[in-house]
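The values are calculated or read from the model by the stated rules, or taken from the named source; none is laboratory data. What you see is a predicted model; the values in this text were computed from it and never measured. Positions of Cβ are backbone-derived with ideal geometry, glycine not excepted, and every protein chain shown enters the neighbour counts.
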Amino acid sequence: MENNLKMKGYTILKNMVSDKDLIKLKTCSLQAFENHKEIQIKNGSDIVTDGVALHVILNDEYFIEFLGKLIGNEEFNSTLLNYFGSKYIMNSFTSLNNLPNNPNFSGIVHRDIKFYSDKIPLMMNVLIMLDDFTPDNGPTLILPYSHLIEDKPSDEYFKENSIQVLGKKGDILLFNSNIWHCSSENKTNEDRMAIPITFSKSVVKQLLDYPRALGYEKIGKFSDKLLQVLGYDSRVASNLEEWYQPFETRFYKKNQD
């Protein structure tokens, strides 16, 4: 498993999420899609996409509860620790629904890290399958070994050499964030939902300031490990009072890496 992650750039952890959690994740995601679309339209955002909701842990505390379960799973946690060679934090947490016949959702080959990090393990993509990933319902396409090359492949090369990632609901796809990948078209009449999460080393800026968004008063509510993964131990001080603090109240803890 870990050898596949290192050599091919990806691996799949089988049957990692219970049916009860899958149902709850889908229910909360569907509500998040509605809430986010309302905000997008109200603010005149150019990001108005059906089936996409970023930062959903701000919508429902269940997502945070699930994150705690995920990082508490020994197989999952040890895989990430071995990959990073250090502790890790959450960089983003999203809900996605690859809707039937939605051309806006698929086909754009990309990597989710903004620059090529080569052999430095700065970020990992984690894709939780809420539905079965079948050949026809828009599975993720990835290009094996492409984490080893910097340049973007041509569309023709990607099409000829990429693979469909197939799996059962509850499986989790892990891949090096240097991997070139994309979604594919959902040719069925059913939804294909997933939870994409990215994790990174603590020195990488989170996609959203989750500690500030969730509230600093939550420090007493979450476990130490969950606080650390959510980014509470890797905040940036904004003034000298916040900077000159004893270890236990510092914004950035030295034990991150």
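Worth a mention:
- Scanning region 4-60 for residues that are closer than 26 Å to Asn178 by Cα, loosely packed, with under 12 Cβ neighbours inside 10 Å and in contact (Cβ under 8 Å) with a residue 40 or more places away in the chain yields Lys14, Asn15.
- Region 194-215, residues that are in contact (Cβ under 8 Å) with a residue 60 or more places away in the chain and either part of a helix (DSSP H, G or I) or of a type in the set (D, E, K, R) (or both): Lys201, Tyr210, Ala213, Leu214
- The residues on offer are Leu148, Leu166, Leu67, and the sole one that is over 16 Å from the mean Cα position of the chain (by Cα), under 26 Å from Phe33 (Cβ atoms) and either modelled with pLDDT under 95 or surrounded by 14 or more Cβ atoms within 10 Å (Cβ to Cβ) (or both) is Leu166.
- The residue list Phe115, Phe76 contains one member that is outside any helix (DSSP H, G or I) and not β-branched (Val, Ile, Thr), which is Phe115.
- Residues in region 163-182 that are among the hydrophobic types (A, V, I, L, M, F, W, C) and either closer than 11 Å to Asn125 by Cβ or not in a strand (DSSP E or B) (or both): Val165, Leu166, Ile172, Leu173, Leu174, Phe175, Ile179, Trp180.
- Tallying residues that are in a loop (DSSP other than H, G, I, E, B) and of a type in the set (Val, Ile, Thr) within region 118-150 yields 4.
- Identity of the residue in region 216-257, hydroxyl-bearing (Ser, Thr, Tyr) and not in a strand (DSSP E or B), that ends up farthest from Asp112 (Cα to Cα): Tyr244
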